Amino acid sequence: MKIGVLFAGQGAQKPGMGRSLCESVPAAREIFDTAEKILPGITQLCFEGPQEKLNETIWTQPCVYTVDCACWAAFSTLGVRPAVGAGFSLGEYAALYAASVFSFETGLKLVKRRAEFMQEAAELHPGSMAAVLGLEAREVEEIVDLIRGQGVLAPVNYNCPGQTVVAGDVAEMDSLISYARDHRLKVTPLATSGAFHSERMQEAAARTGEVIRSETFSEPDFVLYANQTGLPYETDAMKDTLEKQTSSPVLFEQILRGMLADGCDLFVELGPGRTLAGFLRRIDRKASVYNLNDYASLEQLAQVLQAGGNNA
């Protein structure tokens, strides 16, 4: 059995995330205890909200990272190791921690600083993001080229067939929404506070890179795919690649196709929500994919692994 792990990103946050694992799995509780020493109040925010605060980028990212890592700690108690892994945007930091590239504490420091830099960039350059549904990525690129004015507007998340996320300045995004309404296209605004993964995040990426370069990275102990390239990380370029990720498109469809081509026959999404499992099933309806985000799902996954990994 070849296992691939997928770590959730920003947007999946909700009150209650991680609570049952913290209460039932000592390894997960240890993650929360460590996070609490660094960011007092983070555990209560994960467990109780409010949602409005969880949606603030400076809190969303440390909270989701912590829950992702707690889910990984719970997964690790099952006695299996993945062959490959990836995380969606913020989730890439949890994937790097899981692959022993850096410690949980280092990852939380990087995520916290990244979130601060991204929030500052978003306040300096107000913008938003929206998912364009039902069109191929090439069609979305053509629409963006057609309607883009003097500001920033670009496809930034290539999620799966029929779903591409666009980010841009407020006026440019208003033009996209208007165009979609006039042409009866389905566009869903996302609950984000800025034009993430666009060129508006270049300063945030550079500042994050300064922090990244101050840390020591180890070689990953399983194959990790990078958002910025859509390919497995090159060890010598890890820090540069991670820096560029913040202001570059997320090539997640390419990553999932690569993991399938690598022979993954069981996928586990770690962290809140089921978004990444949905992407995978849009690519391969028969993909065997499970979510691990609470104690009940941990028990279910344990049974699946004992049975040899039957289809979900």
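The values are calculated or read from the model by the stated rules, or taken from the named source; none is laboratory data. Note that the structure is a prediction, hence the values are computed from the model and not measured. Every residue, glycine as well, gets a Cβ built from its backbone with ideal geometry; the counts of neighbours run over all protein chains shown. The protein model used for the area step is the full one, side chains on, heavy atoms only, and it has no ligands, DNA or RNA in it. Shrake-Rupley method; radii C 1.70, N 1.55, O 1.52, S 1.80 Å.
Some values worked out for this structure:
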{"quantity": "Meets criteria (farther than 30 Å from Arg81 by Cβ and open to solvent by 20 Å² or more (accessible area, probe 1.4 Å)) for Arg184", "calculated": "yes"}
{"quantity": "Positions within region 268-297 being outside any loop (DSSP other than H, G, I, E, B), farther than 18 Å from Ala12 by Cα and in contact with a helix residue (DSSP H, G or I) (Cβ under 8 Å, 6 or more places away or on another chain), in sequence order", "calculated": "Ile283, Ala296"}
{"quantity": "Residues satisfying the stated conditions in region 36-77, i.e. free of Cβ contacts under 8 Å to residues at least 12 places away in the same chain, over 15 Å from Lys109 (Cβ atoms) and in a helix (DSSP H, G or I)", "calculated": "Gln44, Glu52, Lys53"}
{"quantity": "Every residue from region 234-258 that is within 16 Å of the chain's Cα centre (by Cα) and in a helix (DSSP H, G or I)", "calculated": "Thr241, Leu242, Glu243, Lys244, Gln245, Phe252, Glu253, Gln254, Ile255, Leu256"}
{"quantity": "Members of region 204-233 that are under 21 Å from Leu251 (Cα atoms) and over 19 Å from the mean Cα position of the chain (by Cα)", "calculated": "Ala206"}
{"quantity": "Long-range neighbours under 6 Å by Cβ, at least six apart or interchain, first residue within 13 Å of Tyr158 (Cα to Cα) within region 125-143, second part of a helix (DSSP H, G or I) and modelled with pLDDT of 95 or more", "calculated": "Val132/Val140"}
{"quantity": "Pairs, first closer than 18 Å to Gln61 by Cβ in region 185-203, second among the β-branched types (Val, Ile, Thr) and modelled with pLDDT under 95, C-beta under 6 Å, six or more apart", "calculated": "Ser193/Thr57"}
{"quantity": "Failed criterion for Gly151 (all others in (1) open to solvent by 20 Å² or more (accessible area, probe 1.4 Å); (2) closer than 18 Å to Ser247 by Cα; (3) outside any loop (DSSP other than H, G, I, E, B) hold)", "calculated": "(3)"}
{"quantity": "Residues that are of a type outside the set (Gly, Ala, Ser), in contact (Cβ under 8 Å) with a residue 40 or more places away in the chain and either assigned to a loop (DSSP other than H, G, I, E, B) or under 19 Å from Leu276 (Cα atoms) (or both), drawn from region 8-35", "calculated": "Gln10, Gln13, Lys14, Met17, Val25"}
{"quantity": "Contacts under 7 angstrom Cβ, first residue in region 227-246 being basic (Lys, Arg), partner part of a loop (DSSP other than H, G, I, E, B) and surrounded by fewer than 19 Cβ atoms within 10 Å (Cβ to Cβ), 6 or more apart", "calculated": "Lys239/Phe217"}
{"quantity": "Enumeration of residues in region 90-112 that are open to solvent by less than 10 Å² (accessible area, probe 1.4 Å) and of a type in the set (S, T, N, Q)", "calculated": "none"}
{"quantity": "Residue that is open to solvent by 30 Å² or more (accessible area, probe 1.4 Å), within 23 Å of Lys2 (Cα to Cα) and in a loop (DSSP other than H, G, I, E, B), where the choices are Thr216, Thr229", "calculated": "Thr229"}
